[in-house]
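Working notes, structure below.
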Amino acid sequence: MSRIVVAMSGGVDSSVAAGLLKEQGHEVIGISLQLHDFAKKESNKFGTCCSIEDLNDARTVARKLDIPFYLSNMEAEFKKGVIDNFIEEYTKGRTPNPCVRCNEKVKFHTLMDWAMDLGADYLATGHYAQITNGGAEYSLKKGADFEKDQSYFLFTIKAKDLARTIFPVGGMNKPEVRAMAERLGLATAAKPDSQDVCFVQSKSYSDFVESEAPRELIKPGLVVDMNGKELGQHAGMHRFTVGQRKGLGVNSLEALFVVKLDPETNNVVVGPETALFHHDCVAEGFNWLTDPDSIKSKEVLGKIRYRSKETPVQLHPMANGQWKVHFDMAQRAITPGQALVLYEGDRVIGGGWIHSSGAQA
Amino acid sequence: MHLPIYADFNGTTPTCPAAQAWMSKAIECWGNPSSIHKLGQASRGLLDEARGEVARACERKPGDVVFTSGGSEANTLALLGSVLGNTGYRVLSTPVEHSSVRDTCALISRLGATVEMVKIDPSGQLNWPDFLAKLDSFKPQLVSIMTANNETGVVFPLPEIVAECRSRKILVHTDAVQGFGKLPAAFWNQADFVSISAHKILGPKGAGALLIHEGLKLENTHFGGGQETKRRGGTENIVGISGFAGACTALKPEAESVAGLRDLFEAKLHHSLSDLVVMGAATKRLPNTSQIQFSGVSSEVLLSALDLDGLYVSAGSACSSGSLKPSPVLLAMGLSESAARECLRFSWGPLTTEAEVVTAANLVAGHVTRIRERKSR
């Protein structure tokens, strides 16, 4: 029997994760993170995850499972590590991935620390991913349900933390998880999956950034074509992401897409769809889950956003921890700020943050 | 072992046999005290009896006792009731009051009253020169200062506060919820308005009172059928009020009930741990309360670890969802947010044994040592 802290979001996956571990006879301790002050106005801002209803759901499930349950206030960590970064990235013309940041800065950092301080042997979450232990090295792998696989969001887990992390539902598919929740009589069995970024529920991302960002970071600029010719004006780079077609405020006979956001000039560069495709990018801030020297001999696949398919890449180290990444097949809309996650088969071997794509690389 | 151990008596207390007996009697007595018939009269009789017992425990007249749903409502009634109908009312309070006082102060400010706060020293004690200066410069009509702080146990000098105010014809309200049962009634009962609560003295939740000196003007804030001499409308909570009275009959002389437990606990901790800060150690505190900062250890984690072992304590003040915010009381004493997040409150009661206190100190020392060692690795 191990002491296991389960991060409970109030959703069905983490509910079942707790239930499974309890059935296996472990000492299970539920914990929910409070990432927002619900007493403040706009408390409905948190909608899909970690809202006050979700915390109550988690509490109800913990009660049903007869496990101790605690709340931890990680508002400060969440603001510093996730929300501030989200705003800053958008205003710099990058497209952030707050879920990866939350896993890195909050769940597998502050919460992991919390669990270990509590004397836990493991931290468990309801993510669809798997951890296997072959010999000396622990491996992070895709969830058995490829539709639900969340390994992309987990690449920032430190290699040493894999040994003390458990994903109890990673070997199941969603219908199995729901059936298990039903069997355990958990109130969350039929709860819809969370969608979207939890803290911008009721607004568009750009409205959220505008309401939260320091004024000086919101700078109007020009919309230009690929030759630098002015086509129009924009109210701030945070309103755009690479590959975007709508809301450019430019009249044109041909379909135009955002191909680049230039923080130097504050220009939004638009062009035809063909200009979105690139074979190369530069990524940085890597976290490795295998020895990076070993990847030369591996067939490495890269994935540039959660909902894109991984595809063969060649990697070349550069200075300052950056890597040049060459895709065998051109990729559409490689977006600075998004994560490049590297796989060998269904195993995550590492990943980094996309710095720049195509021409600049 | 003596587990589980309850060390959260400032949060609430179990209901004592005397309170339970009075409540059982009241459950049978279901008539409406306002009814003229015999059933109503029976309830009225019990209510009068209860009022007498509460008044006796507070060493006040039965007519001074206005029953409320608890200490929070009593606090709200005292402040809001004083301000309503008065324009430009001035209230002097402190930043370390219970949230029911702080939040009502915010409300009365919006209603046009002016509220100023007395500075709090790093010891947790009222800054006396600042208090005196504000009495003369701000010229409040009402001073609202608690008898003893629920988080740190720091006791404010109520007799002196009342004396200073009386000489200036200023009214005094005190939230005596934590003082009642732990300090002699004479220490706090001279205030014009006194808030007390049943569930801190081994009575039930849902009953409390505001003591009001005869002849004082106070607007009603809770309307109904003119109950409680038109100061608190609504059919009386006879069961809760009776439980309150029962608890009052069983109230032990404060000093003998918990004396020594706090000091024993702190001595044990000091013996096994370094880097401890006992809040308010330099000033007068309740005999049952220790608020302690364990440097380097998150209070959330320590509280949970102790809870898993069966030692029930508390930290900070709970926010709407139940998670912890850095305590405004500790922040007002000058602690940083991170220091405030390292503080736990241990509060003992008349049922606590020395053996429990020793076991608790050992558990705390064990976890603090383990967590600090893990952090230093």
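The values are calculated or read from the model by the stated rules, or taken from the named source; none is laboratory data. Here the structure is a predicted model, which is why all the values come from computation and not from measurement. Positions of Cβ are generated from backbone atoms using ideal geometry, with glycine treated the same way; all protein chains shown enter the neighbour counts.
Count of the range A:2-43 residues, restricted to those that are more than 13 Å from chain B (Cβ to nearest Cβ) and either modelled with pLDDT under 90 or at positive phi (or both), is 2.
For A:Thr274, the conditions (1) closer than 30 Å to A:Ser252 by Cβ; (2) crowded, with 21+ Cβ neighbours inside 10 Å are fulfilled apart from (2). Against the criterion of being of a type in the set (Asp, Glu) and closer than 22 Å to A:Gln24 by Cα, A:Asp121 qualifies. Given the structure, is B:Ala281 at pLDDT 95 or above, in a helix (DSSP H, G or I) and out of contact with any strand residue (DSSP E or B) (no Cβ under 7 Å at 6 or more places or on another chain)? No.
Here is a check on your reading of the model: is B:Leu286 within 14 Å of chain A (Cβ to nearest Cβ), on the phi < 0 side of the Ramachandran plot and not β-branched (Val, Ile, Thr)? The answer is no for B:Leu286. Just give me the residues in the range A:44-74 being farther than 22 Å from A:Ala120 by Cβ and modelled with pLDDT of 90 or more, in sequence order. Within the range A:44-74, A:Asn56, A:Asp57, A:Thr60 qualify.
Of all residues in the range A:52-67, those satisfying the criterion of being in contact (Cβ under 8 Å) with a residue 40 or more places away in the chain and either in a helix (DSSP H, G or I) or within 30 Å of A:Gly221 (Cβ to Cβ) (or both) are A:Glu53, A:Asp54, A:Leu55, A:Asn56, A:Asp57, A:Ala58, A:Thr60, A:Val61, A:Ala62, A:Lys64, A:Leu65.
Within the span defined as the range A:347-357, one or more residues are polar (S, T, N, Q) and more than 18 Å from the chain's Cα centre (by Cα). Scanning the range A:160-167 turns up one or more residues that are assigned to a helix (DSSP H, G or I) and either more than 14 Å from chain B (Cβ to nearest Cβ) or under 17 Å from A:Tyr306 (Cβ atoms) (or both).
For A:Ala189, the conditions (1) touching a residue at least 40 places away in the same chain (Cβ under 8 Å); (2) more than 24 Å from A:Arg94 (Cβ to Cβ); (3) within 22 Å of the chain's Cα centre (by Cα) all hold with the exception of (3).
Just one of the listed residues (B:Ala113, B:Ala57, B:Ala163) is touching a Cys at 6+ places or on another chain (Cβ under 6 Å) and at pLDDT 95 or above, and it is B:Ala57.
For every residue, the table says whether it meets (1) in contact with a Ser or Thr (Cβ under 7 Å, 6 or more places away or on another chain); (2) modelled with pLDDT of 95 or more; (3) surrounded by fewer than 23 Cβ atoms within 10 Å (Cβ to Cβ).
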site: B:Thr15; (1), (2), (3): no, yes, yes
site: B:Pro33; (1), (2), (3): yes, yes, yes
site: B:Gly52; (1), (2), (3): no, yes, yes
site: B:Thr68; (1), (2), (3): no, yes, no
site: B:Asn75; (1), (2), (3): yes, yes, no
site: B:Ala78; (1), (2), (3): yes, yes, no
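Where helices (runs of 4 or more DSSP H) fall wholly inside the range A:68-124, the ranges with 2 or more residues that are within 13 Å of another protein chain (Cβ to nearest Cβ) and at negative phi are A:75-78, A:112-117. Of the residues screened, B:Leu303 is not one that is more than 12 Å from chain A (Cβ to nearest Cβ), free of Cβ contacts under 8 Å to residues at least 60 places away in the same chain and not acidic (Asp, Glu). Residues in the range B:150-180 that are of a type outside the set (D, E, K, R) and in contact with a helix residue (DSSP H, G or I) (Cβ under 6 Å, 6 or more places away or on another chain): B:Leu158, B:Val172, B:His173, B:Thr174, B:Ala176, B:Val177, B:Gly179.
There is at least one residue in the range A:236-257 that is without any contact (Cβ under 8 Å) to a residue 60 or more places away in the chain and in a helix (DSSP H, G or I). Taken as a whole, the condition of being crowded, with 17+ Cβ neighbours inside 10 Å, more than 30 Å from B:Ser290 (Cα to Cα) and hydroxyl-bearing (Ser, Thr, Tyr) applies to B:Ser43.
The rows are residues; the columns are (1) modelled with pLDDT under 95; (2) of a type outside the set (Ser, Thr, Tyr).
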position	(1), (2)
B:Val297	no, yes
B:Glu300	yes, yes
B:Leu303	no, yes
B:Asp309	no, yes
B:Tyr312	no, no
B:Leu324	yes, yes
B:Met333	no, yes
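Being crowded, with 16+ Cβ neighbours inside 10 Å, in contact with a Lys or Arg (Cβ under 9 Å, 6 or more places away or on another chain) and on the phi < 0 side of the Ramachandran plot is the requirement here; does A:Phe240 meet it? So A:Phe240 fails the test. Among the residues of the range B:354-371, not a single one is free of Cβ contacts under 8 Å to residues at least 12 places away in the same chain, within 11 Å of chain A (Cβ to nearest Cβ) and within 22 Å of the chain's Cα centre (by Cα). Considering the range B:60-103, and only residues there that are within 18 Å of the chain's Cα centre (by Cα) and of a type in the set (D, E, K, R), the residue that is nearest to B:Arg232 (Cα to Cα) turns out to be B:Glu73.
Taking the range A:325-341 as the range and being closer than 22 Å to A:Glu299 by Cβ and among the aliphatic types (A, V, I, L, M) as the test, the residues that pass are A:Val325, A:Met329, A:Ala330, A:Ile334, A:Ala339, A:Leu340, A:Val341. Considering the range A:173-203, and only residues there that are under 19 Å from A:Tyr306 (Cβ atoms) and in a loop (DSSP other than H, G, I, E, B), the residue that is modelled with the lowest pLDDT turns out to be A:Gln201. Residues in the range A:209-237 that are touching a Lys or Arg at 6+ places or on another chain (Cβ under 8 Å) and not hydrophobic (A, V, I, L, M, F, W, C) were compared, and the one that is surrounded by the most Cβ atoms within 10 Å (Cβ to Cβ) is A:Gly236. Every listed requirement among (1) at the interface with chain A (Cβ under 10 Å from one of its Cβ atoms); (2) surrounded by 15 or more Cβ atoms within 10 Å (Cβ to Cβ) is met by B:Val313 save one, (1).
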